[in-house]
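Each remark here refers to the structure printed beneath this line.
What follows is calculated from the coordinates using simple rules that are stated; it is not laboratory data. Computed from a predicted model, the values in this text were never measured in an experiment. Glycine gets a Cβ as well: all are built from the backbone with ideal geometry, and neighbour counts include every protein chain shown.
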Amino acid sequence: MVLGSAKAPITIVEYSSMTCPHCAAFSENVFPMLQSKYIDTGKVRFVSRAFPLDIAAVSGTMLARCIANGDGPRYFDATTMVFKRQGELAERPLDTLKSIGGHFGMSGEAVEACEQDAALLEKIKTDQQFAFDQLKVDATPTFFVNGEKIRGSMSFEDLEKKIATLLKR
């Protein structure tokens with residue numbers, strides 16, 4: 001899922017897992033500043049790609065995709081909520097997924113149908129395998145900033161330095 005202008009001079013691709021605490025910290029602490037300062041101003045295009053580390057992360061990813069139904073901003077709203085409820089997702093997965101889905105207007109039955117969507121599951125698995133095989137993604141978060149791979153969490157200040165350097169070119 002994508003936010004930002006296709007014409008932005010910088011593209012950041014993030015591979016994340018819904019159960020990764022570092023990914024949740026990025027979503028909560030770094031992403032809002034990145035969005036307001038660089039994405040919303042047309043300087044950065046941000047691409048979020050799933051790299052689920054466990055079955056709960058797969059379920060959270062599937063739910064976010066069903067909630068979004070192709071709408072980027074809605075997807076990011078859904079992932080933000082899943083990240084905030086990581087602990088609950090691990091302890092009570094189905095109840096948490098239904099609660100999050102309900103917040104976005106999905107019935108319990110729609111959440112269950114989403115979680116049983118074999119084609120969506122296969123797409124997530126295929127995308128993850130490509131990232132692992134071709135891009136050598138093996139941890140979350142992993143970022144690609146205009147193609148340069150950065151493994152592990154980043155502070156806003158570190159990310160901003162990288163963006164500033166690229167914007168000067």
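Once C-alpha pairs closer than 8 Å and six or more residues apart are averaged by separation and normalised to the residue number of the range 2-168, the relative contact order reads 32 percent.
Need the C-alpha centroid separation for the range 133-157 versus the range 89-116, integer Å. So the separation of the two Cα centres works out to 29 Å. Could you give the angle, 0 to 90 degrees to the nearest 10, between helix 118-135's Cα long axis and the longest principal axis of the Cα atoms of the chain? Roughly 30 degrees between the two axes.
Counting only DSSP beta bridges whose two residues both lie in the range 2-168, roughly 60 percent are antiparallel. For R45, the amide hydrogen comes within under 5 Å of the amide hydrogens of I10, T11, I12, counting only partners 5 or more places away or on other chains and with H modelled in the peptide plane. The Rg/Rh ratio of the chain, with both radii computed over alpha carbons and Rh defined as the Kirkwood radius, is 0.97.
Which parts of the range 1-33 would a label at N146 reach, counting a residue when its backbone N lies under 15 Å from a point 7 Å out along Cα-to-Cβ? 7-13, by backbone N distance to the label point. Taking the Cα centre of the chain as reference, the dipole from Cβ charges on Lys and Arg (+1) and Asp and Glu (-1) amounts to some 840 debye.
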